[in-house]
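Q: Supplied in structure tokens, the structure appears directly below.
The values are calculated or read from the model by the stated rules, or taken from the named source; none is laboratory data. Nothing here was measured: the structure is a model prediction, and the numbers come from that model. All Cβ positions, glycine included, derive from the backbone under ideal geometry; neighbour counts span all protein chains shown. Heavy atoms of the whole protein, side chains included, go into the accessibility calculation; ligands, DNA and RNA do not. Shrake-Rupley method; radii C 1.70, N 1.55, O 1.52, S 1.80 Å.
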Protein chains: 2
Amino acid sequence: MSRWEPNARGRLAEAALELYRERGYEQTTVAEIAKRAGLTERTFFRHYADKREVLFSGAGELQELFVRAVAGAPESAAPIDALARGLDAVSEAFAGRRAFARARHAVITANAELRERELIKLASLSAALAETLRRRGVTEPAAGLAAEAGVAVFKIGFERWLADDGEREMAESVREALSVFRAVAAGK
Amino acid sequence: MSRWEPNARGRLAEAALELYRERGYEQTTVAEIAKRAGLTERTFFRHYADKREVLFSGAGELQELFVRAVAGAPESAAPIDALARGLDAVSEAFAGRRAFARARHAVITANAELRERELIKLASLSAALAETLRRRGVTEPAAGLAAEAGVAVFKIGFERWLADDGEREMAESVREALSVFRAVAAGK
DNA sequence: CTAGTGATGTCAGTGACTGTCATCGACCCT
DNA sequence: AGGGTCGATGACAGTCACTGACATCACTAG
């Protein structure tokens, strides 16, 4: 039998989301999160760089998934079509997680510091996508612009999916966003 | 003669940029900034909400300028063309300020917290542009997507302008970015 | 002349985050 | 079995961003 309860990291993330929902991000102290997880404040900071990061541990996997799908698109695919592959892949990854995504998103949008952190995760995603497109032979500034566009479509498709009352899949919302995006860029 | 030196706010902003350049953002304390400006730490926080904000006091004016230009575009202009008006307007506003913009941008890109703050200013700009487009009759999700696109073009055009060795005007870099953006969205 | 105003100073907090050292089960080697 | 190392955690002191409360005092309106 091990010395400590397992999955300290996960317990911290769970406790943090609970507390942020119950009393808000600012009204929650790290000491309280740690206590609920049965740990100390110092241990919290060994697992997460700061009080915000605890909500974003999944960002790395999402980025990897997106990038892999774009990198795996046919060589002949135009940048925007390669990005569409990535958008499909991440959309699938959210299937069945709408309730969780909504709860987390509500917490984030309620606080400016958390919104900032979310934006820098999206910026990191954009940078990774741009790099992937460059590796596919896309030159600047097209790679950077296409990557920003892909992220914008993801963000807005995601938000519309969360706002939707029905049972529409995220992939559908994202595809709609992409289609509208193309029309707007074409001057419609 | 007045009781205090005038322009406390401006002195704080100047002192902050100097110190952030000299020894980096993290290695600078608010007390040091205040001291260089001939004020106290408490007064710093009366003028700026936090240590980051002191670099972003111009963001409000930029947003207003952008929004006004978009709102003032001919009613018949498509969203992307209305945004192009705004891009031209803000580009003009940077004329002759490349050295300052470069120094400030170098400080910001060197620090994650400052990058976060910059991103949220751009997100605020995007939200304001989306609202402006909605007032022009553009529906969602087109308004949000077009606004994100406009901000992406601004960001990349701006960065390319800063990186450029020659004397190319910002408006030119931004127009090039917009043109490449249209091509990418069209699947080129 | 007097009361009020507004920008600043002073001071005592709270809480996020860090560096450092101690603890002690688990695991490995002999 | 015994001893040594390792890794996750705890304990504790410290720095600094940021806040609330109250004092100060040149300037100004009446």
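Q: List, please: which pairs have Cβ atoms under 6 Å, are six or more places apart or on different chains, and start with a residue in the stretch B:34-55 that is within 9 Å of DNA strand C (Cβ to nearest atom) and end with one that is assigned to a loop (DSSP other than H, G, I, E, B) and not aromatic (Phe, Trp, Tyr)?
A: Hits for this filter: B:34/B:40.
Q: Same structure again: From the residues in the stretch A:1-23 that are within 20 Å of residue A:106 (Cβ to Cβ) and open to solvent by 30 Å² or more (accessible area, probe 1.4 Å), which one is nearest to DNA strand D (Cβ to nearest atom)?
A: A:14
Q: Name the residue that is farthest from the other protein chains (Cβ to nearest Cβ), counting only residues in the stretch A:167-185 that are open to solvent by 70 Å² or more (accessible area, probe 1.4 Å) and part of a loop (DSSP other than H, G, I, E, B).
A: Per the criteria, the residue is A:167.
Q: Determine which single condition residue A:147 fails, assuming it passes every other condition in (1) within 24 Å of residue B:160 (Cα to Cα); (2) within 16 Å of DNA strand C (Cβ to nearest atom).
A: (2)
Q: Could you pull out the residue among B:127, B:101 that is assigned to a helix (DSSP H, G or I) and more than 21 Å from residue B:172 (Cβ to Cβ)?
A: Every option except B:127 fails the conditions.
Q: Same structure again: Please list, ordered by first then second residue, the pairs with beta carbon atoms under 8 Å, 6 or more apart or interchain, first in the stretch A:108-123 and more than 13 Å from residue A:58 (Cβ to Cβ) and of a type in the set (Ser, Thr, Tyr), second assigned to a helix (DSSP H, G or I) and open to solvent by 40 Å² or more (accessible area, probe 1.4 Å).
A: A:109/A:115
Q: Restricting the stretch A:1-23 to residues that are modelled with pLDDT under 95 and within 11 Å of DNA strand C (Cβ to nearest atom), which is nearest to the chain's Cα centre (by Cα)?
A: Taking the stretch A:1-23 first, the residues modelled with pLDDT under 95 are A:1-6.
When the remaining residues are screened for being within 11 Å of DNA strand C (Cβ to nearest atom), the result is A:1-4.
Working: A:1: 36, A:2: 34, A:3: 34, A:4: 31 Å.
Here the residue is A:4.
Q: Here's a follow-up. Among the numbered conditions (1) over 24 Å from the mean Cα position of the chain (by Cα); (2) more than 14 Å from DNA strand C (Cβ to nearest atom), tell me where residue A:60 comes up short.
A: (1)
Q: Sticking with this one: List pairs: first residue in the stretch B:130-159 and assigned by TED's automatic domain parsing to the domain that holds residue B:177, second residue part of a loop (DSSP other than H, G, I, E, B) anywhere in the structure, Cβ distance under 7 angstrom, at least six positions apart or on different chains.
A: Within 7 Å, the pairs are B:146/B:138; B:156/A:141.
Q: Would you confirm whether or not the stretch A:79-93 contains a residue that is open to solvent by less than 10 Å² (accessible area, probe 1.4 Å), at the interface with chain B (Cβ under 8 Å from one of its Cβ atoms) and in a helix (DSSP H, G or I)?
A: Checking the stretch A:79-93: at least one residue is open to solvent by less than 10 Å² (accessible area, probe 1.4 Å), at the interface with chain B (Cβ under 8 Å from one of its Cβ atoms) and in a helix (DSSP H, G or I).
Q: Helices (runs of 4 or more DSSP H) wholly in the stretch A:24-76 with at least 2 residues that are more than 15 Å from DNA strand D (Cβ to nearest atom) and either at pLDDT 95 or above or under 30 Å from residue A:147 (Cα atoms) (or both) - which ones? Break it down stepwise before answering.
A: Values: elements: A:30-36, A:41-47, A:59-71.
Once the helices (runs of 4 or more DSSP H) in the stretch A:24-76 are filtered for at least 2 residues that are more than 15 Å from DNA strand D (Cβ to nearest atom) and either at pLDDT 95 or above or under 30 Å from residue A:147 (Cα atoms) (or both), what remains is A:59-71.
Q: Among the residues of the stretch B:60-105, which ones are of a type outside the set (Gly, Ala, Ser) and either closer than 24 Å to residue B:21 by Cβ or in contact with a His (Cβ under 6 Å, 6 or more places away or on another chain) (or both)?
A: B:61, B:62, B:94, B:97, B:98, B:100, B:102, B:104, B:105, listed by residue number.
Q: Scan the stretch A:160-187 for residues that are of a type in the set (Ser, Thr, Tyr) and touching a residue at least 12 places away in the same chain (Cβ under 8 Å) and jot them down.
A: Scanning the stretch A:160-187 gives a single hit, A:173.
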